[in-house]
Amino acid sequence: MEIRKLLFVTKFEDLCYDALNSLLALRNAALEHVIFLNVIEREKVAMKRGSGYLKEEEVKLKETANIRFIDWAENLFEMGMEVGAYIEVSTLIPEILKVVKRESPDLIVIGHSYKGAMKQLYAGSDVSELIRRTEVPVLVFKHMREDNIVPEKLFERPLLATNWSDTGKKMVEYIKGFKNVIGELHIMHVVKESTLKSPSAHDVQKVRKAERKRLDALCDEFESMGINARPHVYAGDPQKEIEKAAKEYQASMIILGSSDKAAILERWVGSISKNIADKSAFPCLLIPGKKNS
Amino acid sequence: MSKKVLVVDDDPDVRSFVVTVLEENQYMPLVAQDGIEGFEMIEKEKPDLVILDVLMPRGSGIRLYRKLKTKETLNQIPVIMFTGIALRSFLKSQKALDEFNGEEVPEPDVYLEKPVEPEELVAAIKKKLG
């Protein structure tokens, strides 16, 4: 699947032009159109006792956003790209979904704030709600260092964590769209601890060997598309192991599915994606499953 | 009969400003709020002039302008670009797209950077339509 159109959702404090700039590597894939969205939270302009609706504040916030978007848009237009912008007073997730419906983007990029526990919780719940309600992949952008410098080469070494679900197949198809952008793709599968509960070392090794073979086949599939790929088998708690692998291989981002399985399983599998997206220091690309299951 | 002028802009305040200016000067205003709707209106209404914003959802003014100027049946319709995007960036975008598509799209008739006073807008319209 080609990534032609990208929806860039920004509150400006979390996601700025440097982040957008690191995504422009996708022009080597197929990216040609960027839509900006800034949602001004209602409470910032809502009626307050004695002051009414804060129209002046709305104008100020909209114009401030407009000035930023014009500056960014000029840069992109000069590259020959197509750009659109929305600035709305609304609620974040419903507004994103409305724009997704109008524009049909191939990727949604959203920031993740680390500023305090409450805000982090808020940002985390936004991402979870978005993933639950859209079929469009979501890139949760993170600033990888404390000084807020963005990863320059976001697609240099992505780590793809697969659990062999149907969503995993969708992920593979989606990642093929990045073939001219990815440096080296690391693919991992985490063998659950329960699978390893055997008195025989031979049986445990058989499990590892089987998983490794499946990963090899997947790597071959990617390499036939021109994407360098390396397989890794890990064992233990998926969330911890994915994070560990991302550190060991200095991943530039983590790619995860969010499950299309039945409700209980979805909660379990979904929670891994959600927790990693919320807590990991790495940017996370979350690929949702089908919503009709 | 009044001449038809199509205003394509996503900002309702800007549309309202331009419509008022047009009505006060005996032109017939038509409005569209994005590039796709704008092009549909141009094909349907064949306006005498288009006043076009650049940065809009669902198709920018840049793409609409190029579509208009490369379509034989529509390319004689004059266009006033009316936008916050600087002329310098607009011209660079045209150059990049000309090179990429192997086209040579002419520059717009008039390029006005927002905001403008009503008199400046009227003068630009009159220059094209009389």
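Failed condition for A:Asp71, given (1) at the interface with chain B (Cβ under 10 Å from one of its Cβ atoms); (2) farther than 18 Å from B:Thr83 by Cβ, with all others met?
Looking at each condition in turn, A:Asp71 falls short on (2).
Taking the condition closer than 23 Å to B:Asp11 by Cα, out of contact with any His (no Cβ under 9 Å at 6 or more places or on another chain) and not small (Gly, Ala, Ser), does B:Val122 pass?
It is true that B:Val122 is closer than 23 Å to B:Asp11 by Cα, out of contact with any His (no Cβ under 9 Å at 6 or more places or on another chain) and not small (Gly, Ala, Ser).
Checking B:Val8 against (1) within 14 Å of chain A (Cβ to nearest Cβ); (2) at pLDDT below 95, only one condition comes out false. Which one?
(2)
Considering the stretch B:1-16 alone, what residues qualify as being buried (at least 19 other Cβ atoms within 10 Å of the Cβ) and not basic (Lys, Arg)?
Listed by number, the residues that qualify are B:Val5, B:Leu6, B:Val7, B:Val8, B:Asp9, B:Asp10.
Before we move on, is B:Arg66 under 17 Å from the mean Cα position of the chain (by Cα), more than 9 Å from chain A (Cβ to nearest Cβ), outside any strand (DSSP E or B) and under 23 Å from B:Lys4 (Cβ atoms)?
yes
Can you tell me which residue among B:Ile36, B:Ile51 is farther than 21 Å from B:Glu117 by Cα, of a type outside the set (S, T, N, Q) and not in a loop (DSSP other than H, G, I, E, B)?
B:Ile36
B:Asp48 versus (1) charged (D, E, K, R); (2) modelled with pLDDT of 95 or more; (3) loosely packed, with under 15 Cβ neighbours inside 10 Å: which is the lone unmet condition?
For B:Asp48, the failing item is (3).
Output the number of residues of the stretch B:74-130 satisfying the condition of being in a loop (DSSP other than H, G, I, E, B) and among the charged types (D, E, K, R).
Residues flagged as in a loop (DSSP other than H, G, I, E, B) and among the charged types (D, E, K, R) within the stretch B:74-130 amount to 6.
Starting from the stretch B:95-106, keep only residues that are more than 8 Å from every other protein chain (Cβ to nearest Cβ), then list their pairs with residues that are loosely packed, with under 12 Cβ neighbours inside 10 Å whose Cβ atoms are within a distance under 8 Å, requiring at least 6 positions of separation or different chains.
B:Asp98/B:Glu104
So, in the stretch A:79-109, exactly how many residues are free of Cβ contacts under 8 Å to residues at least 24 places away in the same chain, facing chain B (nearest Cβ under 8 Å) and surrounded by fewer than 18 Cβ atoms within 10 Å (Cβ to Cβ)?
Residues that pass the stated criteria total 1.
What are the residues in the stretch B:23-38 that are of a type outside the set (D, E, K, R), under 11 Å from B:Val8 (Cβ atoms) and either more than 14 Å from chain A (Cβ to nearest Cβ) or in contact with an Asp or Glu (Cβ under 7 Å, 6 or more places away or on another chain) (or both), if any?
B:Leu30, B:Val31, B:Ala32, B:Gln33 - these are the residues of the stretch B:23-38 that are of a type outside the set (D, E, K, R), under 11 Å from B:Val8 (Cβ atoms) and either more than 14 Å from chain A (Cβ to nearest Cβ) or in contact with an Asp or Glu (Cβ under 7 Å, 6 or more places away or on another chain) (or both).
Report those strands (runs of 3 or more DSSP E) wholly inside the stretch A:133-247 carrying at least 3 residues which are among the β-branched types (Val, Ile, Thr) and surrounded by 15 or more Cβ atoms within 10 Å (Cβ to Cβ).
In the stretch A:133-247, the matching strands (runs of 3 or more DSSP E) lie at A:185-191.
The values are calculated or read from the model by the stated rules, or taken from the named source; none is laboratory data. None of the values given here were measured: they were computed from a predicted structure. Reconstructed Cβ throughout: ideal geometry from the backbone, glycine too, with neighbour counts over all protein chains shown.
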